[in-house]
Each structure stands twice: as C-alpha cells, then as structure tokens.
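The structure appears right after this line, and notes come after that.
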Amino acid sequence: MTRRRRRRPRWLGAALVIVLVLAWSLAGESIRRRLALPGEGGAPNKVAGRLRVATWNLRNFPDEGQDLTRLATRLPELAADVIAVQEIHDAARLKQLMPGWELVLSAAGGRGGQKLGFLYDPSRLELVGSPREHEQLAMGGSVRPGLSGYLRVRGGGPDFHVLVVHLKARDEGYALRRSQWEVLAEIVQEIARDDDDVIVLGDFNATGPTQGGPDAELKALDARLGAVGLQRVVNRSGCSVYWDGARRDAWHEPSLLDLVWVAGLLEAEVAKAHAEPLLHCARHVCRPFRSTPTYPERDYTDLSDHCPVIVDLEPGPDDDP
C-alpha cells in the first residue's frame, strides 16, 4: 500500500508569511535605530547672512521623563537666530539649556500655565524696547496669550516684529480658535503700524472642525491672515508633529500644527523659503512610524511630540530711517 502524504493545513502558509513579515518589520526597526546617524534629521547648514527663525512646542517643559541633556544638544543644533517656544513651565531651566542666549517669556499661560515666548542670540540680534504680552489672545484667560518683541539684526540688518502664538487645541476648540484668528489679525495690524516687517509663528493647532479636516482650516486661516498682509511659509514636507493615532497602538501619525507667517520687508523672500521640520519628522519623511519601549523614537519620546520647524530668510538692508 502506498502511504499518503499528509497535507499541511492551508492556514499554515499564511501564518508563516505573517510571522515573517512581522519579524522583518521588527528587525528592520532595530537595524534602523542602531544605524541612525546622530545628526540624522538635524538642521542643514545655514547660509551666511541668512536669518533663521524656528518654532518648537516643547511639550510642557520640563515634562516628566524629558531628556534635558538631549534637549541641550538639540536646541543649539537648530543654528537659529530666534527660537519661538511654547508650553514652558520653568523659564530658569530652559535658560540653563541655552547659555549666552536671552529668553523672553509670557507671564500668563492659560489654564494649564503653558507660557510661550522666544529665545534669541544676542550676538546676532538685539531686542529693541520691551516685549509685549497680548492678553486679548487669551480670550479671558482660558487659553494662552500672544507675545511679541521687536528685534534688530546687528551690523545693519533689518528690524522686525516676532509674534509667538499657541492657539486653542483640538477639533472641539475650532470655534474659539476662529475667534482667536480675528484677535490675531488685529494684533498684527497694531504692531505693524510702526514697522510692517512681521514674523508670526508658533502652534496654530489647525486640526480642523469636528466634521471637517485640517485642509479646510488652513485654507480659511490663509484667507484671514492674508487679509492683513501675512503670507504663510509653505511646509512642503506636510507635518510638524506626531500624535498617537486613531488606533492608539505603537504607530504614530503625522499632523501639521506649527506654522510660520511673514509680512513686510521679508515677504518677498517667502517664495524662495520653505518651512522645514526636523528630527523625527525629517527622519520619517512625515510618514507614520512605530515607537515602542524596546525601540523608541528618542526625539519623540524624550523631547516632544512636536518637531522643531525652521525657516531661512534672506533679509534686506535695515529699513529703519
């Protein structure tokens, strides 16, 4: 009698394929983590004479578990002249991370005490007059105010206003956020009366309404701020922050919340410039990524869910008479 060959269960082949795919995915993640260059996702070299501005939401700094040693390396690596910051709870500790730099911070920070402001390099820039806190943007104190300062590039460069914002978050905050746009437009018109060179930057939380999406909100925001002479610097990569994603698993999804706007003397340079997100946004090319306790994305887990965003501008001569 001939012995019949036992057939393998049909599901076994599919199961083996799934196991191999998962094993390869995990192994690939490990290899990428180990082979990643220390500067991968870092800032490009700055061209001499260019003005570099940056914005970075530092996630409730100093957040529990935040790697301040790593942050003390990452901040100078931006090679920026001005760094707008949001969600700051301890000004002294932030100042310690940037020795030799000046820090201007708001007094208020909304219900969560999330202050905002900017760091600037005094060897490159000087602060003209006193900074201004725009309490009206806090909408009665429930959210963050705005903060502006008038800066001048040393050595005959231009002077300009920098205005830092952190608008109401989440889709349920859309209505309040739109009200903030109106206040922001008024602030821009006010500070531009003495000099129309204005840079507005920060976390705009443009997530869209509950029944809409971020593209519709960005379009409406472009129209409103464009009416007061502001032009958004395009982020061609398409993201500036990652969130947990709808599945709430190890995969993190990209979003675009951190924006930069320019008006006045620098406006002609906007077409040549672009907003460039760095670190985990750059490393993953604004695509979803996995971060696990075994193989974490360190800049995401140990610094902030937001990525620093930089913009290089070529300023003209000082327009101050």
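The values are calculated or read from the model by the stated rules, or taken from the named source; none is laboratory data. Please read these numbers as outputs of a predicted model, since none were measured by experiment. Cβ atoms come from the backbone with ideal geometry, glycine included; neighbour counts cover every protein chain shown. These accessible areas exclude ligands, DNA and RNA; they are computed on the full protein's heavy atoms, side chains included. Shrake-Rupley method; radii C 1.70, N 1.55, O 1.52, S 1.80 Å.
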Amide proton proximity set for Asp197, modelled H, under 5 Å, gap of 5+: His161, Leu265
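For Ala216, what charge total do you get from the other residues with a beta carbon under 12 Å from its beta carbon, if Lys and Arg give +1 and Asp and Glu give -1? Kindly include the intermediate steps, with their values, before the conclusion.
Working: positive: Arg178, Lys219; negative: Asp171, Asp215, Glu217, Asp222.
My count for the surroundings of Ala216 gives -2.
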Can you tell me the relative contact order of region 55-168? Whole percent, Cα pairs under 8 Å, sequence separation 6 or more. 21
Excluding residues on the same chain fewer than 8 positions from Lys219, give the lysines whose Cα lies under 18 Å from its Cα. Lys168
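At 1.4 Å probe size, with the rest of the protein present, what percent of the exposed accessible area of region 215-262 is carbon and sulfur atoms? Before the final figure, lay out each step's value.
Details: 1160 of 2250 Å².
Reported share for carbon and sulfur atoms: 52 percent.
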Give me, ordered by chain and number, the residues 5 or more places off Val85 or on other chains with an amide H under 5 Å from its own placed amide H. Trp56, Gly117, Phe118, Leu119
When the charge dipole of region 231-314 is computed with +1 on Lys and Arg Cβ and -1 on Asp and Glu Cβ about the Cα centre, the Cα farthest towards its positive end, among His306, Thr292, Ala282, belongs to Thr292
Tell me, what HN-Hα J-couplings in whole Hz come from the Karplus equation 6.51 cos²θ - 1.76 cosθ + 1.60 at θ = phi - 60° for each residue of region 184-199, using x for Gly and Pro? 4, 4, 5, 4, 4, 4, 5, 6, 7, 5, 8, 7, 8, 7, 9, 10
For region 203-268, whose charge dipole is built from +1 on Lys and Arg Cβ atoms and -1 on Asp and Glu Cβ atoms, the candidate among Pro209, Leu257, Gly245 with its Cα farthest towards the positive end is Pro209
Would you work out if region 45-164 is rounded, prolate or oblate? Take a ≥ b ≥ c from the square roots of the eigenvalues of the alpha-carbon gyration tensor; rounded if a/c is under 1.5, else prolate when a/b is larger than b/c, oblate otherwise. oblate
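How high is the FRET efficiency between Val234 and Arg178 when r is their beta carbon distance and R₀ equals 22 Å, given to the nearest 0.05? Could you put the intermediate results ahead of the total?
Details: r = 22 Å, r/R0 = 1.00.
In this case the efficiency is close to 0.50.
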Across region 294-309, in residue order, what do the Karplus-derived ³J(HN,Hα) couplings come to in whole Hz, using 6.51 cos²θ - 1.76 cosθ + 1.60 with θ = phi - 60° and x for Gly and Pro? 6, 10, x, 8, 4, 5, 6, 7, 9, 10, 6, 5, 7, 9, x, 10
Please sort 188-199, 136-147 by packing, taking for each peptide the average over its residues of neighbouring beta carbons within 10 angstrom, highest first. 136-147, 188-199
Cα-based shape type of region 187-321, given that a ≥ b ≥ c are square roots of the gyration tensor eigenvalues and the cut on a/c is 1.5: prolate
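Could you tell me whether region 72-226 comes out rounded, prolate or oblate from its Cα gyration tensor? Rule is a ≥ b ≥ c as square roots of the eigenvalues, rounded for a/c under 1.5, then prolate if a/b exceeds b/c, otherwise oblate. Don't skip to the end; give the middle numbers.
On the way: a/c = 1.84, a/b = 1.44, b/c = 1.28.
Since a/c reaches 1.5 and a/b is larger than b/c, the shape of region 72-226 is classed as prolate.
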Quick one: pull the percent of accessible area on region 50-149 belonging to carbon and sulfur, 1.4 Å probe, ligands and nucleic acids left out. 44
Taking K and R as +1 and D and E as -1, what net charge do the other residues with C-beta under 11 Å from the C-beta of Ile191 add up to? -4
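Ser123 to Ala92: extension gain in nm, 0.36 nm per residue of separation minus the Cα-Cα distance? Please report the intermediate quantities before stating the final value.
On the way: separation 31, 0.36 × 31 = 11.16 nm, distance 2.04 nm.
Computed gain between Ser123 and Ala92 is 9.1 nm.
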Once label points are set 7 Å from the Cα along Cα→Cβ at both Trp243 and Arg224, what is their separation, rounded to one decimal in nm? 1.8
I'd like to compare 47-56, 210-219: which one has the highest average count of other Cβ atoms within 10 Å, and what's the full order after that? 47-56, 210-219
Rolling a 1.4 angstrom probe over the protein heavy atoms, how many square angstrom per residue are accessible across region 231-291? 45
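In whole percent, what relative contact order does region 197-321 give with Cα contacts below 8 Å and a gap of six or more residues?
Details: 204 pairs, mean separation 35.2, N = 125.
Worked out over region 197-321, it gives 28 percent.
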